[in-house]
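Here is the structure we will look at.
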Amino acid sequence: DTGVSQDPRHKITKRGQNVTFRCDPISEHNRLYWYRQTLGQGPEFLTYFQNEAQLEKSRLLSDRFSAERPKGSFSTLEIQRTEQGDSAMYLCASSLGVGAGEQYFGPGTRLTVT
Amino acid sequence: AQSVTQLDSHVSVSEGTPVLLRCNYSSSYSPSLFWYVQHPNKGLQLLLKYTSAATLVKGINGFEAEFKKSETSFHLTKPSAHMSDAAEYFCVWGAPMGSSASKIIFGSGTRLSIRP
C-alpha cells in the first residue's frame, strides 16, 4: 500500500502527558498537511509543510503543539501537556505540486485524553 | 473571508432515489471546490473537484456537481443512491488553480443515510 500512513491509529493518554504522532506521506508528494477533526465537524487545518519548510500554521496550533518534517519525508506532530480538549482525530494528508490540488488523506490518529 | 456552508447536516434517501447534498461557498474570487467522502473508519477520499474548467464536474461512483457562480453553489448529486453511498460528505473550498496557496477549508459535513 503506497498511501498515506499514520501511527499510532489510536492513543489514550492522561491529561498532562506528551504525545507524538507520525505521518508518512506518499513518497513523491512535496506537501504535507495536518488537520484536527472533532466529532460532528469537518477537519480543521492545523499546519502544512512544503518539503521540510513549515509554511503556515493555524491559530488553532497553540504553543503546546509542534510539528516537524525534518528531511522532507515523514512528519511528526507533538502535543505537550495534553488537555481533555485535545481529544480528537488528527489527520495527515499529502499532495504533489502547488496550490489547492487533490490531497490524499491518511486514516488518522484518534487521541483520547482522560 | 472564504468559507463553505453545507446546508443539511443529515440527508436520508431511499435506495435507488436521487441524492442532493447542498453546498454554498463564500469567496472573494473564483475558488477551487471539492467534495470529499468519509466512510466510517476510513480515510477521506476525493469524490470530485472543480478547478475553473467545465462547470459540471463528474466524479467517482456516479456522483457529479455543478458550479453555479450566480448562486455561489456547488451541490453534489447522484441519480440513484446505493447502500454503499452511506457516509459523511464534505464540501471543501480551496484557492484557485494557479495559486500557490495550499490551505483548504472544510464544511461541517452532511451525513448521508440510505434507506433500504
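The values are calculated or read from the model by the stated rules, or taken from the named source; none is laboratory data. Predicted model only: the values in this text are computed from it and were never measured. Here the Cβ is made from the backbone with ideal geometry for all residues, glycine too, and neighbour counts use every protein chain on show.
Screening segment B:10-24 for residues that are assigned to a strand (DSSP E or B) and away from chain A (no Cβ under 13 Å) and picking the one that is farthest from B:Ile105 (Cα to Cα) gives B:Ser14. Evaluation of B:Leu56 against the conditions (1) surrounded by 13 or more Cβ atoms within 10 Å (Cβ to Cβ); (2) farther than 27 Å from A:Gln37 by Cα; (3) of a type outside the set (Ser, Thr, Tyr) shows that the sole unmet condition is (1).
Checking each residue in segment B:62-116 for being part of a strand (DSSP E or B), among the aliphatic types (A, V, I, L, M) and under 16 Å from B:Ser52 (Cβ atoms) picks out B:Ala65, B:Val92, B:Ile104. Among the residues of segment A:70-100, those identified as within 14 Å of chain B (Cβ to nearest Cβ), closer than 19 Å to A:Gln54 by Cα and either in contact with a helix residue (DSSP H, G or I) (Cβ under 8 Å, 6 or more places away or on another chain) or buried (at least 20 other Cβ atoms within 10 Å of the Cβ) (or both) are A:Tyr90, A:Leu91, A:Cys92, A:Ala93, A:Ser94, A:Ser95, A:Ala100. Can you find a residue in segment A:28-39 that is within 20 Å of A:Gly108 (Cβ to Cβ), away from every other protein chain (no Cβ under 12 Å) and surrounded by 13 or more Cβ atoms within 10 Å (Cβ to Cβ)? Looking for residues that are within 20 Å of A:Gly108 (Cβ to Cβ), away from every other protein chain (no Cβ under 12 Å) and surrounded by 13 or more Cβ atoms within 10 Å (Cβ to Cβ), one finds none in segment A:28-39, hence no.
On the given criteria, is B:Ser30 within 14 Å of chain A (Cβ to nearest Cβ), in a loop (DSSP other than H, G, I, E, B) and under 21 Å from A:Leu46 (Cα atoms)? When the stated conditions are applied, B:Ser30 does not pass them. Looking at segment B:33-42 only, could you name the residues that are part of a loop (DSSP other than H, G, I, E, B) and at pLDDT 90 or above? If the condition is that a residue be part of a loop (DSSP other than H, G, I, E, B) and at pLDDT 90 or above, then B:His39 is the only one that fits. One residue stands out among those in segment A:7-27 that are hydrophobic (A, V, I, L, M, F, W, C) and within 13 Å of A:Arg69 (Cα to Cα): the one that is farthest from the other protein chains (Cβ to nearest Cβ), which is A:Phe21. When A:Ser62 is tested against (1) without any contact (Cβ under 8 Å) to a residue 24 or more places away in the chain; (2) outside any loop (DSSP other than H, G, I, E, B); (3) hydroxyl-bearing (Ser, Thr, Tyr), just one condition goes unmet, and that condition is (2).
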